1. Restricting to segment 26-46, name every residue that is open to solvent by 40 Å² or more (accessible area, probe 1.4 Å) and in a loop (DSSP other than H, G, I, E, B).
2. Within segment 15-25, can you find the residues that are of a type outside the set (D, E) and open to solvent by 50 Å² or more (accessible area, probe 1.4 Å)?
3. Of the residues in segment 1-44, how many are out of contact with any Ser or Thr (no Cβ under 7 Å at 6 or more places or on another chain), farther than 17 Å from L160 by Cα and of a type outside the set (K, R)?
4. Within segment 116-131, identify whether any single residue is open to solvent by 70 Å² or more (accessible area, probe 1.4 Å), aliphatic (A, V, I, L, M), at pLDDT 95 or above and not in a helix (DSSP H, G or I), and answer yes or no.
5. Six or more apart or on different chains, Cβ atoms under 8 Å: show the pairs whose first residue is in segment 158-178 and at negative phi and whose second is at pLDDT below 95 and assigned to a helix (DSSP H, G or I).
6. Can we say G18 is at pLDDT below 95 and either more than 12 Å from the chain's Cα centre (by Cα) or farther than 17 Å from A82 by Cβ (or both)?
7. For segment 48-93, how many residues are open to solvent by 40 Å² or more (accessible area, probe 1.4 Å), more than 19 Å from T35 (Cβ to Cβ) and either outside any loop (DSSP other than H, G, I, E, B) or in contact (Cβ under 8 Å) with a residue 24 or more places away in the chain (or both)?
8. Kindly provide the set of residues from segment 135-154 that are acidic (D, E) and more than 21 Å from E112 (Cα to Cα), ordered by number.
Amino acid sequence: MSIPSLAAVTNTRLRIPGADPWHADPQDPALSVMTDFRERASVTVKETAMIDEALEHMRHTGVRSAFVIDDQNHVVVGLITAYDISGEKPMQYMQSAAIPRREVLVRDIMQEISELRVADIKQIERATVADVFTLFTQRRLTHVPVMETSEAGEQRLRGLLSAAKVKRLLSTPGTQHRYRTKSSPEVVTT
């Protein structure tokens, strides 16, 4: 084994790490826009949390979605988004259950795990950012969980794709991206 050598810093005016604007090119690998749970912990909320508490937690952590957990059994039971909480779902539930907003729980409006549509990590490894953008556009989804299957056949959450994040990363100030995707010969504009 070779011990690495150390050198002096030659530029004494270094940029702040992570402060550079981040953009994605349509032909970049889809993995570049996926939140990978091997590198970053997922954001979770308890199924028994009040929806406004969950929304505040998401805002505080800088995300628009959170996996819903059953805290007693330590398992993921669903997904909730800021769109779910800010949209019509709470009002519909409040009317059907005849309760005030402050009593609406995450489990009352979340998307249950059995309802989720997920992508397989092997497909995401072969896809481009443009492919993911097209998936979101065609399916009208806001988030897509990414699953990984072990050799024993056990599934686990590997990552998360966000439509808002993909759109933001494809957009650079004052420009539009126009491109063709593998699955769509027509020009797509972001």
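The values are calculated or read from the model by the stated rules, or taken from the named source; none is laboratory data. Just so it is clear, the model here is predicted, and its values are computed rather than measured. With ideal geometry, Cβ positions are generated from the backbone for all residues, glycine too; neighbour counts draw on all protein chains shown. Quick note on the areas: whole protein, heavy atoms, side chains included, nothing else; ligands and nucleic acids left out. Shrake-Rupley method; radii C 1.70, N 1.55, O 1.52, S 1.80 Å.
1. Across segment 26-46, the qualifying residues are Q27, D28, F37, R38, E39, R40, A41, S42.
2. So in segment 15-25, the residues of a type outside the set (D, E) come out as 15-19, 21-24.
Of everything in segment 15-25, those that are of a type outside the set (D, E) and open to solvent by 50 Å² or more (accessible area, probe 1.4 Å) turn out to be R15, I16, P17, G18, A19, P21, W22, H23.
3. Looking only at segment 1-44, we keep the residues that are out of contact with any Ser or Thr (no Cβ under 7 Å at 6 or more places or on another chain), and these are 1-22, 25, 31-42, 44.
So of that shortlist, the ones also farther than 17 Å from L160 by Cα come out as 1-22, 25.
Now restrict to residues that are of a type outside the set (K, R): 1-12, 14, 16-22, 25.
Count: 21.
4. Narrowing segment 116-131 to residues open to solvent by 70 Å² or more (accessible area, probe 1.4 Å): 117-118, 122-123, 125-126.
Filter again for aliphatic (A, V, I, L, M), leaving 118.
Cutting the leftovers down to at pLDDT 95 or above gives us 118.
Adding the requirement that they be not in a helix (DSSP H, G or I) leaves 118.
There is at least one residue in segment 116-131 that is open to solvent by 70 Å² or more (accessible area, probe 1.4 Å), aliphatic (A, V, I, L, M), at pLDDT 95 or above and not in a helix (DSSP H, G or I).
5. H177/L170
6. On the way: at pLDDT below 95: yes; either more than 12 Å from the chain's Cα centre (by Cα) or farther than 17 Å from A82 by Cβ (or both): yes.
In short, yes.
7. So the answer is 12.
8. Step one: list which residues in segment 135-154 are acidic (D, E), which gives 148, 151, 154.
Listed by number, the list holds a single entry, E151.
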